[in-house]
Structures are given as C-alpha cells and as structure tokens.
C-alpha cells in the first residue's frame, strides 16, 4: 500500500482526534518569546511552556505537525538522510496520560 505524505499526516491527526486530542497549529520556524534559540528545531519546542506546567488553552491532549529546521548535526546535512527541513508529527499529553496508557493509541494505516 502506498500512502502519500498528505494522507499520512491526515490519518495521524484524525486518529488522535478520535482519542480526544485537539489539533494545534504549526508554530513559526522563528520561535516567539524564546530568545534562547534561533529556530524551531523540534516538534516539542513550541510546547515548552505547557510541558513545563502551564495550562494549554486547548487542554491536556494535543496533536500537531510541526515544521522544523535541523541544526544539531548541520555538518551532516546533504547526505542521503540529513536534510535542513523536516516535519515532526506529535501527539502530546500534558499530564493527562502516561507511557503505560499510550499503548491504547496504535495507529494502523
């Protein structure tokens, strides 16, 4: 079975919506309100305040697709597996469920 990028992203988002996750928008590649980094380098980066305990306006279960820029291994960029840009799919529990409970979230495509 062949699946396109768009189909995979849609299945991922829709699956987690069935598990009471709210979809959050992609954040800017240039982080706002964070002078410690130049670019968004991981899917969790825009969620740091919420992962640190602040409540998210959409709740405790979130799902997103975050565009990121690779910087940690910039010297490797250009080979068969290292690129400067990628999208990270993420499902997030902000203190709602734990790793043991995550086994109930098996995505099949």
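Total residues in segment 56-97 satisfying the condition of being over 15 Å from the mean Cα position of the chain (by Cα) and not in a loop (DSSP other than H, G, I, E, B): the figure is 3. Considering only residues of segment 14-45 that are touching a residue at least 60 places away in the same chain (Cβ under 8 Å) and surrounded by 16 or more Cβ atoms within 10 Å (Cβ to Cβ), which is farthest from residue 61 (Cα to Cα)? Checked segment 14-45; the qualifying residue farthest from residue 61 (Cα to Cα) is 15. Residue 53 meets all of the listed conditions (1) outside any loop (DSSP other than H, G, I, E, B); (2) modelled with pLDDT under 90; (3) over 25 Å from residue 7 (Cβ atoms) but one, namely (1).
Residue check: is residue 9 under 26 Å from residue 71 (Cβ atoms) and modelled with pLDDT of 90 or more? In short, yes. The set of residues in segment 1-36 being touching a helix residue (DSSP H, G or I) at 6+ places or on another chain (Cβ under 7 Å) and under 18 Å from residue 86 (Cβ atoms) consists of 27, 31. Could you tell me whether residue 82 is modelled with pLDDT of 90 or more and either touching a helix residue (DSSP H, G or I) at 6+ places or on another chain (Cβ under 8 Å) or within 17 Å of residue 13 (Cβ to Cβ) (or both)? Criteria not met by residue 82. Using the structure shown, decide if residue 48 is free of Cβ contacts under 8 Å to residues at least 40 places away in the same chain and surrounded by 14 or more Cβ atoms within 10 Å (Cβ to Cβ). It is true that residue 48 is free of Cβ contacts under 8 Å to residues at least 40 places away in the same chain and surrounded by 14 or more Cβ atoms within 10 Å (Cβ to Cβ).
The values are calculated or read from the model by the stated rules, or taken from the named source; none is laboratory data. Please read all numbers here as calculations on a predicted model, not as lab measurements. Every residue, glycine among them, receives a Cβ derived from its backbone with ideal geometry; neighbour counts consider all protein chains shown.
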